[in-house]
Ligand SMILES: [Zn+2]
């Protein structure tokens, strides 16, 4: 990677004063001036050679005539973009384990939108709060002192991270608290309690409702319940974001359900990580895109997001249908061996594997230490090596880990992935967590998207395969998600906007993380600024923690 030498002038007293947006800045010397880059402003417009001045946490000058700043940075030969927004992130509590957000900030992410797939950090019951607190205290030395997403936002303001954080509220979290883990409809009383909690969380700054309908207990909500829940968002502009009930054989019905929720609740929709999974369903990608286009023509504010890989990550238990996993992990494990249910479970699992391809389409990621021999391995190869039948190995791993085994499913089409990423209604997300190649976040074999997604979009899909243009790719990870989440002052480069900025070298930027060796930082991103704070300089983390909670306007 080419390195840049940054030119610093002497620090000037008085620089760094926070200015309110919308003031005339010309008379004041900027703290930081970024010169010589091709600036992509996040709206999708082509790049322009302008300079950008930053004062305090805001962009205070954009143009060809920017006066000298207290610090000058030479970015000739680089592209400069708004900080990247990950509209479907699983960084969540790992930002408390390592607040440098290493795998994220080094690919240019400056805002994580967490609380996805129906699974936000709370609201928790007393028991679940105690359990989470105990687990984080013991395992990471982290003290959890909040019990809902709004409390998490407050915590991120008190104890900064390198990246900004916004959060949705998960219907699964609400359902677990109010209804429990049972597969039954919520009563009217339960539904109104869940709606009240959602309303409170939105009014405290959360930016949408997520569901994860392939997971329990989120998926125990039927469409009517989801419409009721989503209707809390009406008028706020915040989306109902859904990891849908199905992404393979019943993909089109699942999209219909998601759009139906948006239509009846009259709220914007975000289809999470759109894909047509399993070879026999590849043809459905076009049909899925048509459905979403038609919904927009009918007046539904529908979009989708997608990560730039052809494999997905989930729990090994997701090889089994959610209807057979009700009642929590223990009940599920008992059912795997119960003669009344075992055969049905085995059949469903084998069908799911056949849908993906074969047993080698399943790659194990995380396990406990006792079964660490399975990490990173394909189930077919591993079973052969150990002289066991692959399904028997699956059961062995689930039982040895109390149900908690991570997996990667290799089951998507490259051509579809390109089409989905390039589609004008699509944004890009990582769907990944925050990791680091050292410390507690360095264990296991996570999906490489947690390290590589944004660099892979700009390197592989823009430069190498030319699937989409650079201005369009940048729009999909900056201005477009900011608008979807009604964030007025992020996602673009303009006067008064928060100074989240990324400089990268379009000829170098690339992901390095692989499925075999995931703990590797992206390259070609020498500078990242978060709220005016230089966090990556010359490709290295400065240790600065400029991130903060990003709250919505409420109004639910
Ligand atoms: Zn998901």
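The sole residue among 145, 117, 157, 126 that is surrounded by fewer than 24 Cβ atoms within 10 Å (Cβ to Cβ) and in contact with a strand residue (DSSP E or B) (Cβ under 7 Å, 6 or more places away or on another chain) is 157.
For residues that are in a strand (DSSP E or B) and in contact with a strand residue (DSSP E or B) (Cβ under 6 Å, 6 or more places away or on another chain), scanning just region 482-509, find the one that is surrounded by the most Cβ atoms within 10 Å (Cβ to Cβ). Walk me through it before giving the result.
Keep residues of region 482-509 that are in a strand (DSSP E or B), which gives 498, 501-504.
Subset that is in contact with a strand residue (DSSP E or B) (Cβ under 6 Å, 6 or more places away or on another chain): 501-504.
Numbers: 501: 27, 502: 30, 503: 25, 504: 28.
Looking at the filtered set, the residue picked out is 502.
Entry remark, region 262-276: residues being under 16 Å from the mean Cα position of the chain (by Cα) and more than 16 Å from the ligand (Cβ to nearest atom) number 0 in total. Return yes or no: is residue 253 more than 16 Å from the ligand (Cβ to nearest atom) and without any contact (Cβ under 8 Å) to a residue 12 or more places away in the chain? Spelling it out, residue 253 is indeed more than 16 Å from the ligand (Cβ to nearest atom) and without any contact (Cβ under 8 Å) to a residue 12 or more places away in the chain. Here is the figure for region 377-394: residues that are part of a helix (DSSP H, G or I) and either surrounded by 19 or more Cβ atoms within 10 Å (Cβ to Cβ) or in contact with a strand residue (DSSP E or B) (Cβ under 7 Å, 6 or more places away or on another chain) (or both) total 6. Restricting the first member to region 134-161 and to residues that are closer than 26 Å to residue 532 by Cα, and the second to residues that are at pLDDT below 95 and buried (at least 20 other Cβ atoms within 10 Å of the Cβ), no beta-carbon pair is closer than 8 Å while six or more apart or on different chains. When residue 246 is tested against the conditions (1) surrounded by fewer than 24 Cβ atoms within 10 Å (Cβ to Cβ); (2) touching a residue at least 40 places away in the same chain (Cβ under 8 Å); (3) within 15 Å of the ligand (Cβ to nearest atom), the lone failure is (2).
Suppose we filter 172, 151 for residues that are within 16 Å of the ligand (Cβ to nearest atom), under 21 Å from residue 485 (Cα atoms) and either touching a helix residue (DSSP H, G or I) at 6+ places or on another chain (Cβ under 8 Å) or not in a loop (DSSP other than H, G, I, E, B) (or both); which single one remains? So that I can check it myself, show each step before the final result.
On the way: 151 fails: within 16 Å of the ligand (Cβ to nearest atom).
Step by step, each of 172, 151 is checked, and only 172 is within 16 Å of the ligand (Cβ to nearest atom), under 21 Å from residue 485 (Cα atoms) and either touching a helix residue (DSSP H, G or I) at 6+ places or on another chain (Cβ under 8 Å) or not in a loop (DSSP other than H, G, I, E, B) (or both).
Cβ-Cβ distances below 9 Å connect the following pairs, each with a first residue in region 534-553 that is in contact (Cβ under 8 Å) with a residue 60 or more places away in the chain and at positive phi, a second residue that is surrounded by fewer than 18 Cβ atoms within 10 Å (Cβ to Cβ) and assigned to a loop (DSSP other than H, G, I, E, B), and a separation of six or more residues or different chains: 538/3; 538/5; 538/6; 539/1; 539/3. Looking at 134, 130, 182, just one residue is more than 16 Å from the ligand (Cβ to nearest atom), part of a helix (DSSP H, G or I) and under 23 Å from residue 215 (Cα atoms), and that residue is 130. State whether one or more residues within region 157-164 are within 16 Å of the ligand (Cβ to nearest atom), in contact with a helix residue (DSSP H, G or I) (Cβ under 9 Å, 6 or more places away or on another chain) and assigned to a loop (DSSP other than H, G, I, E, B). No, every residue in region 157-164 fails to be within 16 Å of the ligand (Cβ to nearest atom), in contact with a helix residue (DSSP H, G or I) (Cβ under 9 Å, 6 or more places away or on another chain) and assigned to a loop (DSSP other than H, G, I, E, B). How many of the residues in region 395-407 are crowded, with 21+ Cβ neighbours inside 10 Å and within 15 Å of residue 516 (Cα to Cα)? Final tally of qualifying residues: 1. Filtered by the rule that a residue be under 24 Å from residue 524 (Cβ atoms) and crowded, with 18+ Cβ neighbours inside 10 Å, region 423-444 gives 426, 427, 428, 429, 430, 431, 432, 433, 434, 435, 436, 441. Among the residues of region 516-556, the ones that are assigned to a loop (DSSP other than H, G, I, E, B) and under 18 Å from the mean Cα position of the chain (by Cα) come to 9 in all. Would you be able to say whether some residue in region 411-422 is closer than 15 Å to residue 515 by Cβ, within 16 Å of the ligand (Cβ to nearest atom) and not in a helix (DSSP H, G or I)? There is at least one residue in region 411-422 that is closer than 15 Å to residue 515 by Cβ, within 16 Å of the ligand (Cβ to nearest atom) and not in a helix (DSSP H, G or I).
The values are calculated or read from the model by the stated rules, or taken from the named source; none is laboratory data. Values in this document were obtained by computation on a predicted structure and should not be read as measured data. Cβ sites come from the backbone with ideal geometry, for glycine too, and all protein chains shown count toward neighbours.
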